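In what follows, a structure is listed as structure tokens, so that the remarks can point back to it.
The values are calculated or read from the model by the stated rules, or taken from the named source; none is laboratory data. Note that the coordinates shown come from a computational prediction; the quantities given were computed from them, not determined experimentally. Note: ideal-geometry Cβ built from the backbone for every residue, glycine included; neighbour counts use all protein chains shown.
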Amino acid sequence: MRYEAPTTTKEAATLLAKENGEACVLAGGTDLLVRMKMGLSEPDLIVDIKHIPAMQEIKISASGTKIGAAVSGTRLGDNKALKKAWPGVVEATNLIGSDQVQGRCTMVGNLCNASPAADSVPAMIAAGAKAVVVGPKKRRTVTVENIVTGPGQTSLEKGEVIESITLPKRSGKSGDAYLRFIPRTEMDIAVVSAGVNLTLEKGVVKTARVCLGAVAPTAVLVPDAAKAIIGTKLDKAALESLAAACSAACNPIDDKRGTVEYRTKVAGVLGRRAAEIAFKRAGGSK
Amino acid sequence: MTGVLVDTTVNGDAVQFACPTDETLLDSLRDRVGLTGVKEGCGTGDCGACSITLDGQLVCSCLVLGVEANGSEIGTVEGLADSESLHPLQEQFINHAALQCGICTPGFLVAAKALLDKNKDPSEEQIRYALAGNLCRCTGYDKIVRAVQAAAKDLRKKKK
């Protein structure tokens, strides 16, 4: 196995593109090293992206927020400005694993691992996040909901690597939140999860995005749930209709973590509760 | 020996080792550096027995490649005590009998030290959350939590 630690994204993309065998990107390694240990992955080349300065940056500017692909969960959580601007995105990422895992894991790694239950993904999609994808020849920007195509599958082409995630600029009267249900308090995989991001104007919800996790092969953006609360002050009827839209968007599996019926019901409950937290964070009152 | 040369600082000392590219830092530390305080429990980042600090950050060494440690500062349980005396955490783990078989103990000590370095006076809840990545199948955790609370108190007294 070759180990390379390039210092530019283009170099990383070129190395990945040129490898004829199995080539893997190494950020935090909290998924990759487990796959290697279990014999599910036997890379011929590992490209460690942690030495690329653009991948280590957190940039908050007037035009939006940019988070490098190698930024760990701990660094996100320690960044007060980011936590204030996007509390839902940060709390979702900080739910991944233990403190030990937080020290290494990344949002982009969570995204590219493409688990239907990935915690940071519904929060990113609700936030309207975009991925900056770099290939050996060109760069492109892709909405996060268009990265994962199925469990363990992404739309990235050979040689492509995500350099960073961008979060849009939004008004001061905005808030986001992420909730997941697990049967214990820590260290578990989401049975159902929900991310909500909204902006208020004169106390009324002006824009909203609602995204569910672990209820379908990929995270699901639910425009009907957003429609249910836009133009409202999040009254009881709006929340009920948001919950119904969330449940209607579910296409889950039955497994040891939860049944189809259970996941469908809980998706509505979490969507509603996350919307209430986001509303409060945006400064809304009923 | 074939492999990649890795330059590190371990517990304050310059350490150089050579390892294959697919070797975990856990194996490098145990088999090449001779620090067997780092334990392998699960090998998949679930149990925390292999906890170390890498450039001050608490991590599972089973989820780090040896080659990734080049240029890094590593802290292991062997670095906790000074030549004269045990670290207050170690003292209090003994006083509270916060261990039985002992396999998880080095990981708990390293993780608890990482917590106390950041937070001098953690609540019981904060301690339990901070140690959620460390599994113990003997103690039932309560004695460990008490030991960490007592050590935190000792460390606060020492500072005064």
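It is to be established whether one or more residues within region B:24-39 are of a type in the set (Ser, Thr, Tyr), away from chain A (no Cβ under 14 Å) and part of a loop (DSSP other than H, G, I, E, B). I'd like the intermediate steps shown before the answer.
Keep residues of region B:24-39 that are of a type in the set (Ser, Thr, Tyr), which gives B:24, B:28, B:36.
Filter once more, keeping what is away from chain A (no Cβ under 14 Å): B:36.
When the remaining residues are screened for being part of a loop (DSSP other than H, G, I, E, B), the result is B:36.
Yes; the residues of region B:24-39 include at least one that is of a type in the set (Ser, Thr, Tyr), away from chain A (no Cβ under 14 Å) and part of a loop (DSSP other than H, G, I, E, B).
Could you list all residues from region B:99-116 that are farther than 19 Å from A:ASP99 by Cβ and in contact with a helix residue (DSSP H, G or I) (Cβ under 7 Å, 6 or more places away or on another chain)?
B:LEU99
Is it true that A:SER41 is small (Gly, Ala, Ser), surrounded by fewer than 20 Cβ atoms within 10 Å (Cβ to Cβ), touching a residue at least 12 places away in the same chain (Cβ under 8 Å) and within 14 Å of chain B (Cβ to nearest Cβ)?
Yes.
If you check A:VAL133, A:VAL108, which single one turns out to be surrounded by 19 or more Cβ atoms within 10 Å (Cβ to Cβ) and either within 11 Å of the chain's Cα centre (by Cα) or in a helix (DSSP H, G or I) (or both)?
After ruling out the rest, the residue left standing is A:VAL108.
Can you tell me which residue within region B:47-60, out of those that are in a loop (DSSP other than H, G, I, E, B) and more than 7 Å from chain A (Cβ to nearest Cβ), is nearest to B:LYS118 (Cα to Cα)?
It comes out as B:GLY56.
Among the residues of region A:206-214, are any farther than 21 Å from A:SER285 by Cβ and free of Cβ contacts under 8 Å to residues at least 24 places away in the same chain?
No: zero hits.
Does at least one position in region A:230-239 carry a residue that is in contact with a Lys or Arg (Cβ under 7 Å, 6 or more places away or on another chain) and either of a type in the set (Gly, Ala, Ser) or in the same structural domain as A:LEU111 (by TED's automatic domain parsing) (or both)?
No, region A:230-239 contains no residue that is in contact with a Lys or Arg (Cβ under 7 Å, 6 or more places away or on another chain) and either of a type in the set (Gly, Ala, Ser) or in the same structural domain as A:LEU111 (by TED's automatic domain parsing) (or both).
Take the residues in region A:53-64 that are farther than 23 Å from A:THR30 by Cβ and of a type outside the set (D, E, K, R); name whichever of them is surrounded by the fewest Cβ atoms within 10 Å (Cβ to Cβ).
By that ranking, first place goes to A:ALA62.
Name the helices (runs of 4 or more DSSP H) wholly within region B:61-160 that hold at least 2 residues that are at pLDDT 95 or above, over 16 Å from B:SER51 (Cα atoms) and more than 13 Å from chain A (Cβ to nearest Cβ)?
Values: elements: B:88-95, B:105-118, B:124-130, B:142-159.
Counting at least 2 such residues, we get B:88-95, B:142-159.
Looking only at region A:214-270, count every residue that is in a helix (DSSP H, G or I) and in contact with a Ser or Thr (Cβ under 7 Å, 6 or more places away or on another chain) and tell me the total.
Of the residues in that region, 8 qualify.
Of everything in region B:132-154 that's under 18 Å from A:GLY103 (Cβ atoms) and touching a residue at least 24 places away in the same chain (Cβ under 8 Å), which residue is surrounded by the most Cβ atoms within 10 Å (Cβ to Cβ)?
Result: B:ASN134.
Does B:ALA81 qualify as being closer than 18 Å to A:LEU33 by Cα and aliphatic (A, V, I, L, M)?
Against the criterion (closer than 18 Å to A:LEU33 by Cα and aliphatic (A, V, I, L, M)), B:ALA81 does not qualify.
Identify, from the list A:ALA85, A:ALA70, the residue that is within 14 Å of another protein chain (Cβ to nearest Cβ) and touching a residue at least 24 places away in the same chain (Cβ under 8 Å).
A:ALA70
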